[in-house]
Amino acid sequence: MPLPENLIPNIDPEILGITRKMTKLRHDFHQYPETAYEEDYAHGKITDLLNEWDLEYEVMAGTGIVVTLEGLEKTSKKVIGMRADMDALRVQEQCDVPWKSRNDGKMHACGHDGHMATLLTALAYLKDHREFNGIIKFIFQPAEEGSGGAKKMIEEGLLKKHKISALYGFHNWPSLPFGKTAIHTGPVMASNTNFIVTINGKGCHGAQPEEGHNPIPVAFELGQQLCALRDKSAHENSEEKVILSLCSIESGNSAAMNIIPGDTKMTGTVRTYNLGIKEHLLEQISEAVESIASRFDINAKVDFPHSTSPTINSPEKAEVSREAMRGVLGEENIDWDAAPAMTAEDFGEFSNLVPASYIWIGNADPEDGESPHSQPLHNPKYGFNDDVIPVGAQYFVNIIKTEMPMTEGWDAEKPPKRLSRIINYIRLRISQLVIWIKTKFRFSFWKKKK
Ligand SMILES: [Zn+2]
Ligand SMILES: [Zn+2]
């Protein structure tokens, strides 16, 4: 789809030029999708470009990359991070596009291929336009889809070692039409905590239940109690959305209808924007499991194997995003009041530690609900909208213009006045010293000769 005419004046022609190359690269990424910590193809493509551009970078979390780009002026202490995720999903693609996935059972069904291409477009532009004051870190993060890539990068020192003072990111958003954006001033996406309840009873013949301990009725009762917890929490916090979903239950064998199983496993997920509510709910889940175990005199335990922080925007950084997007899509296309999503995003690990802003950029075809661009994320028929690339890249560039303007009167050609005075003074003293040494040497030489 060609970029709408009305947007063209807002996007730097050079960015439009780079977009053509990066769209091809996006299709390459799409053809070879890779899941958590196996993003070797994407890693190789990105580092090839970085080597060609002679840029400094560090490899983190196995396949992740952090690129450092210094501005012409370095009087500011600001280090702005800009992040794209890299991983694909275990989904069998059903789109008929020339760049259809060639890795069976894997697909870029969340558009992270597009996120990488967008960040690379911004990088390709900014490396040649360093009229900013400070340092930018371009972060390519692996394993966003529930495998803790952000946490791993943080553990390896991403934020501390690179002294990142603020962070920006985006997700393409198929529930928003292309040309629109949603920017939140607080919660953007929920925290996600998965839980596994294991109930260990004793298996026996279905005709002799007194010989064993059937875990299935225990699981039924516990399931009802957990659902009631959700309703109670949602009611207590009417301002805050709370979700507790039971998602799977495994026990016994449907082909063996006369056998009472030994164990039952139940899994589910808890979603909320509020860390306090989350902690309280997890405590209540543990208490419910303990109390049911003692009431039925059975072994039962709960584990929380995976937990992410909610993605919360700092109001100040959201305002920077708004200013940056005003220059791309226009104020009238910024949704400032969109309801946050109950899905989780790894970016929350960053927004938990540094002021950050994470925005949604419309991906859907406004005129065609059947288009791949309009299909939900993680759907086998979903397709990333390539027009998001120049929009997102210009957004990142505008963030830098807003966050890191150069000092007024600062001239890239000449050093600042004070510095040049110091340099001239040192030069003068050195030349005086040289003259003094020369004179002294000649004099002693002449005296010796005499
Ligand atoms: Zn996803
Ligand atoms: Zn995603």
### Task
Leaving ligands, DNA and RNA out of it, report the carbon-plus-sulfur percent of the accessible area of segment 191-307 at a 1.4 Å probe.
50 percent
### Message
To test your reading of the geometry: what angle, between 0 and 90 degrees and rounded to tens, separates the Cα axis of helix 275-296 from the longest principal axis of the chain?
### Response
30 degrees
### Sequence of ARG230, ARG20 when ordered by accessible area, the most exposed leading, probe 1.4 angstrom
ARG20, ARG230
### Task
Would you please put 382-388, 103-109 in order of how densely packed they are, using the mean number of other Cβ atoms within 10 angstrom per residue and starting with the highest?
382-388, 103-109
### Task
Relative to the longest principal axis of the C-alpha atoms of the chain, give the angle of the C-alpha long axis of helix 112-126, reported between 0 and 90° and rounded to the nearest 10°.
10 degrees
## Note on the structure
Taking Cα atoms, the helix 315-326 axis meets the longest principal axis of the chain at an angle in degrees (rounded to 10) of 70 degrees
### Query
For the charge dipole of the chain, defined by +1 on Lys and Arg C-beta atoms and -1 on Asp and Glu C-beta atoms about the Cα centroid, which residue among TYR32, ALA318, ILE80 has the Cα displaced farthest towards the positive pole?
ILE80
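Quote the convex hull volume per residue of the chain, based on C-alpha atoms, as a whole number of Å³.
Taking the convex hull of the Cα positions in the chain, it is 224 Å³ per residue.
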## Note on the structure
With a 31 Å threshold on alpha-carbon distance, the violating pairs from LYS24/LYS163; LYS45/LYS401; LYS202/LYS278; LYS24/LYS401; LYS202/LYS241; LYS152/LYS317 are LYS24/LYS163; LYS202/LYS278; LYS202/LYS241
### Task
Would you mind working out the magnitude of the charge dipole of the chain relative to its Cα centre, with +1 at each Lys and Arg C-beta and -1 at each Asp and Glu C-beta, to the nearest 20 Debye?
4300 debye
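Provide the net charge surrounding ILE361, with neighbours chosen by a C-beta distance below 15 Å and charges set as Lys +1, Arg +1, Asp -1, Glu -1.
Details: positive: ARG26, ARG83, LYS180, ARG322, ARG326; negative: ASP85, ASP113, ASP335, GLU345, ASP365, ASP386, ASP387.
Here the charged neighbours net out to -2.
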### Query
Considering only protein heavy atoms, what per residue accessible area in square angstrom results for the chain with a 1.4 angstrom probe?
49 Å²
### Query
Taking the mean number of other Cβ atoms within 10 Å as a proxy for protection, how do you rank 172-185, 153-166 from highest to lowest?
172-185, 153-166
### Query
In segment 191-307, if every C-alpha pair distance is counted and binned at 10 Å from zero, what percent goes to each bin?
14, 43, 27, 12, 4, 0
## Note on the structure
Whole-Å distance linking the alpha carbon centroid of segment 276-342 with that of segment 107-150 is 24 Å
### Task
Order these peptides, 252-259, 369-376, 269-276, 133-140, by their mean beta-carbon neighbour count within 10 angstrom, highest first.
133-140, 269-276, 369-376, 252-259
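The values are calculated or read from the model by the stated rules, or taken from the named source; none is laboratory data. The shown structure was predicted, so the numbers you read here are calculated from the model rather than taken from an experiment. When we count neighbours, we look across all protein chains shown, and the Cβ atoms used for this are built from the backbone with ideal geometry, even at glycine. For the accessible areas, the whole protein counts, side chains as well, though only heavy atoms, and no ligand, DNA or RNA atoms are used. Shrake-Rupley method; radii C 1.70, N 1.55, O 1.52, S 1.80 Å.
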